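All of the numbers you see were taken from the coordinates with simple rules; none came from a lab. It should be emphasised that the depicted structure is a prediction, and the values quoted were computed from it without experimental measurement. Every residue, glycine among them, receives a Cβ derived from its backbone with ideal geometry; neighbour counts consider all protein chains shown.
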Amino acid sequence: MPKSSELKQYIAFEIGNEIYAVDVLFVESIERMAQITRVPHSPYEVLGIINLRGDVIPVMSARRVLGYEEMPSTDATRVAIVRYDEYRIGMIVDRVTEILNIPHDKVQWGVEALDGKRKGVISGLINLGDKPVMVMDIPRTLELLLN
Amino acid sequence: MDNAQYMKLFIEESKEHLQNLNNNLLVLEQQPDNTEVINEIFRSAHTLKGMAGSMGFKTIADLAHAMENVLDRIRKGNMGVNVEIMDVLFEALDILDGLIQDVIQVGMENPQDISGIKSKLEGVINGTNNKDLGQSAQKPDKEGLSLDEHHFHVIDEAVKNGFTPYYIEVKLKETCLMKAARAYIVFKAIENFGHIIHSHPSAQDIEEEKFGLSFSVVAVCKAELDTIKKELDSISEIENINIREIQPHDIKSRNQSENRKPQPQGTDRGTIPEVKDRLSKTAGRSIRVDIERLDRLMNLVSELIIIKNRIQDLQRYNDTAAMAESVEYLGRVTSELHDAVMKVRMIPIQTVFERFPRTVRELSRSTGKEVKLNILGAETEIDRTIIDEIGEPLIHLIRNAIDHGIEAPQERVALGKPPVGAVELKAYHDGDNVVIEVSDDGRGIDIDKVLKRAVQQNLVSREEAESLTQQEILQFIFEPGFSTAEKVTDISGRGVGMDVVKTKIESMGGVVDIDSRPNQGTRFIIRLPLTLSIIQALLVSMGQEVYAIPIGSIKEILEVPAGAIKMVRQKEFIDYRGLLIPFIRLAKALECPDEAKSGELVTVVIVKKGERLAALSVDGLIGQQEIVIKPLGKALSKIKIMSGATILGDGRVVLILDINHLV
C-alpha cells in the first residue's frame, strides 16, 4: 500500500462536461488523433487500430467505455496510450486538461459510480472543489474489453 | 558478472552435447561395436562433465562422471551393450537434461538427489564386475580399473624400488552397515604395507559411500601376498577378498593391448584430426548470433520495406524514368536483403526431428509395439521461431500414431502387414510453405466412430452429420475434449491434445489436414508459412476499406457471373472447375458498413486452406505488395479472422485476413 500522504500523479481528461483521471503510471504518452482502421468483430469499446510511429495499436473510445454517446473527434481530441500487463492500447478522450498531484488519502477509494457491465471502471473520487474528478481503474477497464 | 557470458556458452554447448549423447546412444544401441560412436559418446559426457565442473554445477558434473565411468568401460571393451544398460544410460541422460534445463531456466543448478541413478549406473558396472570376476581371474588387463600411463609409470618405478604391485578386490558382506567405514579400514590395512595408487570407485566416492558392495584397488606393497591377505581377512564384515600380484608382463600386455586393440582406433586416430580439422574449418566460417540480434535485424528490414512501399507510392508525384529505375532497384535490393536475413534465421528441421527417434524408442518399448521411424527431408530449412514451437505438436502426433495408429505385432501379422509398424516424418518446401507430414501405416481413423462421437457430444446435429464430407468429419478430432479411445492409456487417449496441436499450428499461421484410410494408416499434413513476419499479399478493396490477403493462400482470381452462385442448404457455392466450393461474401463476413458492389460480374478470389478451397467475393483488386505483418495487440487477440495488420506506404493501417479462420 502506498503511504497515505504520498503524492500520486494523475492525468485528467474531459468527457463531455465531466472530468476523469488515470494514474500516470499507466500512461505511456498522449498523442494526437490518428486515422482509425475499423476492425470487424472487435469489442464495442474498440474503434479500431491506428499507426503509432510504425506500430499498430488498438484504440478504444473512453466515451464508449464510460457509457457516453460517441462524438466526432475535434482538434482537442487526444489518444492516451495506456500500458498495463501485456496490453498496449490507445484511449480516445475529448481533451486532456492537466496533470494532478494528489496525496493518496485525498482520493476517496471504493466509490462505485457505474453499474452493470461497467461496474468497477471508476474506482475513486477526488474532490477538487468545483468539480469532482473520477479516477478510472485501468486494469478493470481492460478486463472489461476482454469479456 | 562475467560468469553470465560463460553461462550462455555453457547452455548452448551443453544442449549440443546432450543432443549428441542422445543421437549417439541411439546409434550405439543399433551398432554396439561401433567404436567411433562410443568414443564420441564418451567425449560428450567427458566434455559436459568438464564444463559443468568449471561452472560449479556439481550435481551435473557428478552425474556426467558416473555416466562416463560406464561409458569408459564400454569403450575399453570391458563391458558389452544391452538393453538394460542402454535404459540406464538413457535415464541418466534424461536426468542430466532435466538438471541442465534447470540451469537454463533459473541460471543455477537445482541441487537434486541423484544417488538413485548413480547407484543404477554403478549397478551396471558392478553387474559386469561380478561376471568379469569369474572369467578374468587370469587376465588382469581386463580388471575394472582404468589404469592410465601415469599409473603404469608409477608401478614401473615402484617395482624398480622393490615394491610388488597387487590388484585387490574386496567384496563386503550385504549386511555391512557402514560400508564407507569398513572400506576405510581396508584402505588403512593395505596402506600399512605400502601405497594405494588407484582405486575403483574413486577414494572420494568410497568415502561418500557411493559404491555397491565391491571395490578394488591397485597397491604397491613391500609384503608377500599371503601376509596382506591374512591381514585383510582379519577385518570383519568382508564377504571375500581377491588379491593378485600384477605381473610385469601384464602391464606390458596391457600396454600392448592398448596399442593393439584399438587397431580400428589406429585408423580412427587418422580420422580424428581430419574431423577436427573439418570442424575447426566450419567453426571458422560460422558464428553464433543471439536470436535477439537477428530479430532486430529483421525488424529493421521490415521498416525498410515499409519505407520502400512509401517511396513507391510517392513515385506518382515524380514519375520520371530515373525515379522509376531507382525505385525498382530499391525494391530489388530490399527484397534480396529480406531473403538474406530470412535465410540467416532458417535452420534445418533436423534439430527438431532428431529428438524423435528417442521418443519412438521409448513408446515402442512401453506399448510393446514394434515401430520403425523413417525421417525424410530433415535438411528442410524452417524459420527459427517455428522450430521452437513445432516440436510439441509433432511429438503429440507421433504419440498418437504409435498409441492409436499402429497395431500390436500379432494383429498386424493377422492383417497381412509386416509386424514392425512404420511411422514416417517428412518435411519439404512447397511454394511459400513448409509442409511436415506425420504418417503411420496403422489401422486408420474410424470415420463412423468419429461421427458417432461428434453427434453424441453435440458437435453436430444428426441431420447435418449426413452431409459432411470425410475431411469435415475428420476435423472433429481437433475439437477440445474429443476422444474416441475406449480406454485411456498412459500415452494418449484422454481427449486432450489434438485441439492443442491444432491451436498451436494455427497460432503459427499454419493448417493441419488429415488423410486416413482404414487399415492403411493415417497421415497428418501440416502446412506452415516459411516466414512469419514479411509476406507477399494481394490488397483488395471493400467499399472504402482495404484488406490484405496473403498470396500464399490464393489460388486464383476470377470474375464470375452473379447467376453462377448456387444455394445448397442455405449456403452459397460456386462451381469452380467442376467442383462446388463455398462462396463467401467478404463484405458480410467483415461487417463492412458500405453496400457491397452489385453487378453482372463478381470478382472472386479463390483461396485455399490446406486442401480445401473457397471463393471470396471482393469489390476490387488493388495489387500485390510485400507487407510486414504487425500483431493486433492483446486487446484484439480474440479476433481470429485477422492474422494481423500492416502499414501501407501512405501510413494507412490495413488488416490482413487469416484465410485459415475465414474459410
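Remarks
- Cα-based helix-to-principal-axis angle, B:291-314 vs chain B, degrees rounded to 10: 20
- Amide H to amide H, with H built 1.01 Å from N, residue B:406 comes under 5 Å of B:443, counting only residues 5 or more places away or on other chains.
- Estimated FRET transfer efficiency when R0 is 56 angstrom, pair residue B:325-residue A:84 (beta carbons, to 0.05): 0.70
- Dividing the Cα radius of gyration of the protein assembly as shown by its Kirkwood radius returns 1.09 for Rg/Rh.
- FRET efficiency estimate (nearest 0.05) - Cβ-Cβ, residue B:244 to residue B:192, R0 22 angstrom: 0.70
- On full extension, the segment bounded by residue B:392 and residue B:411 gains 3.9 nm, given 0.36 nm per residue less the C-alpha separation.
- Only Lys, Arg (+1) and Asp, Glu (-1) charged, at Cβ; segment B:349-529 dipole about Cα centre in debye: 700
- If R0 equals 30 Å, the separation of the Cβ atoms of residue B:517 and residue B:430 corresponds to a calculated FRET efficiency of about 0.85.
- Think of each Lys and Arg Cβ as +1 and each Asp and Glu Cβ as -1; about the Cα centre, that makes the dipole of segment A:7-146 roughly 160 debye.
- Folded to 0 to 90 degrees: helix B:321-345 orientation relative to chain B principal axis, Cα: 30
- Within chain B, the ratio Rg/Rh, alpha carbon atoms throughout and Rh by Kirkwood, equals 1.11.
- Pairs spanning more than 23 Å between alpha-carbon atoms, out of B:343/B:372; A:8/A:117; B:609/B:640; B:449/B:571; B:160/B:222; B:504/B:609: B:343/B:372; A:8/A:117; B:449/B:571.
- Label sites at residue B:174 and residue A:131, each approximated as a point 7 angstrom past Cα along Cα to Cβ, lie 9.1 nm apart.
- Assigned charges on the beta-carbon of Lys, Arg, Asp, Glu; chain B dipole about Cα centre (debye): 480
- Here the label points at residue B:456 and residue B:339, each 7 Å from Cα along the C-beta direction, are separated by 5.4 nm in the simple model.
- Once the Kirkwood radius over Cα pairs is known for segment A:28-127, the Stokes-Einstein relation at 20 °C and 1.002 mPa s delivers a diffusion coefficient of 143 µm²/s.
- Estimated at 0.36 nm per residue, the fully extended path between residue B:6 and residue B:153 surpasses their Cα-Cα distance by 49.2 nm.
- Nonlocal amide H pairs with residue A:19, under 5 Å, H built at 1.01 Å: A:134
- Label positions at residue B:226 and residue A:105, each projected 7 Å from the Cα along the C-beta direction, are separated by 9.9 nm.
- Which of B:98, B:27, B:59, positive extreme of dipole for the protein assembly as shown (C-beta unit charges): B:27
- Segment B:376-396 residues near the modelled residue B:101 label - backbone nitrogen below 16 Å, point 7 Å along Cα→Cβ: B:388-396
- The Cα-based radius of gyration of segment B:534-662, divided by its Kirkwood radius, gives an Rg/Rh of 0.96.
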